[in-house]
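The values are calculated or read from the model by the stated rules, or taken from the named source; none is laboratory data. Worth saying up front: this structure is predicted, and the values here are computed from it rather than measured. Methodologically, a virtual Cβ is constructed for each residue, glycine included, from the backbone with ideal geometry; neighbour enumeration extends over all protein chains shown.
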């Protein structure tokens, strides 16, 4: 199935929604493609309707005239001006004049003994489970890692009745607090509220603290935490552990967008190095919702040819940039985190490749060829970023192995017609189970 | 959160479950057990990212193999099979 749009937007988080609303006010034919069941991205997932900003943007999106491809996964760019997307067994070729990439970010995960046990999840990971209906009331939860997400998720889970037994931020206190305050909109009030709720439930805060091992057989039972020289165990049902955010760069990289220091480079109108391809939100720098909304608006207006309006907003974007840099510094990882994995700790969860097998290799390509690391269904999204930190492997060289399909897809979706139902069930892009 | 207007019935590995509208398939699986699959060396694995990145939550949903269960909502009569 072939369709043509003047402006195609990938990703329906805050940046994508803002882009769609801004571009949708023009006469352009606009489409918004997103792999989640509902718009909102990760930050405005199910349950964010009390958030007034989210509410107002969802309302604007609902009154915008555009084609919504919700639940569709963009996985290939077979030629300039065309994206392929899949929904269940259906595939569409989406032709476009201009493209806005608002692909968002994911959590960074670092391996430590036991991190592959069931019920060890990301911070946003556990939050998304709970927003998706996982009962959390009465459960004992340890939240660890780094970044403003830790506090926000702790507060949310505590409100849902979870017992947050420990909240462990790897950064030292002096570096972390100012930025959490900066990020949350009404910092003093909110922090006070969070502190009250969690203190009442017995949460202990630790800074310069992280998990060194998770224990259990078929599922998590306890976690060993470390702060300075002290180690102790906490019994828990869930460990939510994530080390801040990393941009989803697979699609921008596949399209050939110039990437520098791990982020897509854009000009003040959100134009990338590739003609008619724009990028907005976390892929250009981790900076939170407000910045993503701003960049989405700029990209939407610029793509629709409303340069004056875009340029006016672009001046506000400059101010957001300093915050991006500051947040990056605040969440810089302690190098001791490189020593958590033992030789037996798995780094690649898809192919079960251990730290010991990987550290013999000189680079990502070498490791990949000899061990199958990064060749499973996640295509190195989890282990590649861990390897970058653990072994100092160059992120550009890790990205150079990105090729289509950037998400596993059915063989029939790749344009091979006449494939039987049974054959087309085996997925391409990697070797699955 | 408002009270759900109705509930959804589905089966996970043959076990009948009733969940609220808006429940993801992965959350429904986790209501029955902690793991979603066995790894290539046989380890139990549960979901990690919750956002369609890690593929640890993949399951057969209504006959379609390798679906990311964190990105799909439960529907009436749905049949889910994990490894």
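Taking region A:54-76 only, how many residues are in contact with a helix residue (DSSP H, G or I) (Cβ under 7 Å, 6 or more places away or on another chain) and either over 30 Å from residue B:65 (Cα atoms) or at pLDDT below 95 (or both)? I'd like the intermediate steps shown before the answer.
Taking region A:54-76 and keeping what is in contact with a helix residue (DSSP H, G or I) (Cβ under 7 Å, 6 or more places away or on another chain), we get A:57, A:60-61, A:64-66, A:74.
So of that shortlist, the ones also either over 30 Å from residue B:65 (Cα atoms) or at pLDDT below 95 (or both) come out as A:57, A:60-61, A:64-66.
Residues flagged as in contact with a helix residue (DSSP H, G or I) (Cβ under 7 Å, 6 or more places away or on another chain) and either over 30 Å from residue B:65 (Cα atoms) or at pLDDT below 95 (or both) within region A:54-76 amount to 6.
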**Message:** Looking at B:73, B:48, can you tell me which residue is at pLDDT 95 or above and over 20 Å from residue A:117 (Cβ atoms)?
**Reply:** B:73
**Item:** Filter result (surrounded by 22 or more Cβ atoms within 10 Å (Cβ to Cβ), in contact with a strand residue (DSSP E or B) (Cβ under 7 Å, 6 or more places away or on another chain) and within 17 Å of residue A:30 (Cα to Cα)) within region A:275-299
**Value:** A:277, A:278, A:279, A:280, A:299
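Taking the residues in region B:62-83 that are within 12 Å of the chain's Cα centre (by Cα) and on the phi > 0 side of the Ramachandran plot as candidates, determine which candidate is nearest to the other protein chains (Cβ to nearest Cβ). I'd like the intermediate steps shown before the answer.
Step one: list which residues in region B:62-83 are within 12 Å of the chain's Cα centre (by Cα), which gives B:62, B:66-75, B:78-83.
Filter once more, keeping what is on the phi > 0 side of the Ramachandran plot: B:62, B:66.
On the way: B:62: 9, B:66: 6 Å.
This residue is B:66.
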**Asked** Any idea which of A:100, A:164 is assigned by TED's automatic domain parsing to the domain that holds residue A:222 and crowded, with 24+ Cβ neighbours inside 10 Å?
**Response** A:164
**Message:** Among the numbered criteria (1) surrounded by fewer than 22 Cβ atoms within 10 Å (Cβ to Cβ); (2) out of contact with any strand residue (DSSP E or B) (no Cβ under 8 Å at 6 or more places or on another chain); (3) in a loop (DSSP other than H, G, I, E, B), which one does residue A:56 miss?
**Reply:** (3)
**Fill in**
Scanning region A:259-294 residue by residue, the ones that are assigned to a helix (DSSP H, G or I) and closer than 23 Å to residue A:80 by Cβ total 2
**Request:** Could you check, for region B:29-39, whether at least one of its residues is free of Cβ contacts under 8 Å to residues at least 40 places away in the same chain and crowded, with 22+ Cβ neighbours inside 10 Å?
**Result:** yes
**Fill in**
Picking from A:82, A:30, the residue that is under 23 Å from residue A:414 (Cα atoms), in the same structural domain as residue A:255 (by TED's automatic domain parsing) and touching a residue at least 12 places away in the same chain (Cβ under 8 Å) would be A:82
**Request:** Mind telling me which of the residues A:291, A:317 ends up being at pLDDT below 95 and within 18 Å of the chain's Cα centre (by Cα)?
**Result:** A:291
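Please go through region A:1-38 and pick out each residue that is in a loop (DSSP other than H, G, I, E, B), within 14 Å of another protein chain (Cβ to nearest Cβ) and either modelled with pLDDT of 95 or more or closer than 18 Å to residue A:407 by Cβ (or both).
Pass one, region A:1-38, residues in a loop (DSSP other than H, G, I, E, B): A:1, A:11-13, A:25-29, A:35-38.
If we keep only those that are within 14 Å of another protein chain (Cβ to nearest Cβ) as well, we get A:11-13, A:35-38.
Residues satisfying the conditions are A:11, A:12, A:13, A:35, A:36, A:37.
Matching residues to (1) out of contact with any helix residue (DSSP H, G or I) (no Cβ under 9 Å at 6 or more places or on another chain); (2) at the interface with another protein chain (Cβ under 7 Å from one of its Cβ atoms); (3) under 14 Å from residue A:129 (Cα atoms):
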residue	(1), (2), (3)
B:15	no, no, no
B:25	no, no, yes
B:34	yes, yes, yes
B:38	yes, no, no
B:41	yes, yes, no
B:50	no, yes, yes
B:60	yes, no, no
**Fill in**
Those residues of region A:91-127 which are within 11 Å of another protein chain (Cβ to nearest Cβ) and not in a loop (DSSP other than H, G, I, E, B) amount to A:105, A:106, A:107, A:120, A:121, A:123, A:124, A:125, A:126, A:127
**Item:** Residues of region A:67-85 that turn out to be crowded, with 20+ Cβ neighbours inside 10 Å and closer than 22 Å to residue A:17 by Cβ, as a count
**Value:** 7
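Please go through region A:391-411 and pick out each residue that is assigned to a loop (DSSP other than H, G, I, E, B) and surrounded by fewer than 19 Cβ atoms within 10 Å (Cβ to Cβ). Spell out how you get there, then give the answer.
So the first thing to find is which residues in region A:391-411 are assigned to a loop (DSSP other than H, G, I, E, B), and the list is A:392-394, A:400-408.
Correct list: A:392, A:394, A:400, A:401, A:402, A:403, A:404.
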**Asked** Would it be correct to say that residue A:275 is modelled with pLDDT of 95 or more and touching a helix residue (DSSP H, G or I) at 6+ places or on another chain (Cβ under 9 Å)?
**Response** no
**Message:** Among the residues of region A:59-76, are any away from chain B (no Cβ under 11 Å), closer than 28 Å to residue B:64 by Cβ, out of contact with any strand residue (DSSP E or B) (no Cβ under 6 Å at 6 or more places or on another chain) and touching a residue at least 24 places away in the same chain (Cβ under 8 Å)?
**Reply:** no
**Request:** May I ask you to list the residues in region A:77-98 that are in contact with a helix residue (DSSP H, G or I) (Cβ under 6 Å, 6 or more places away or on another chain) and under 29 Å from residue A:306 (Cα atoms)?
**Result:** A:77, A:98
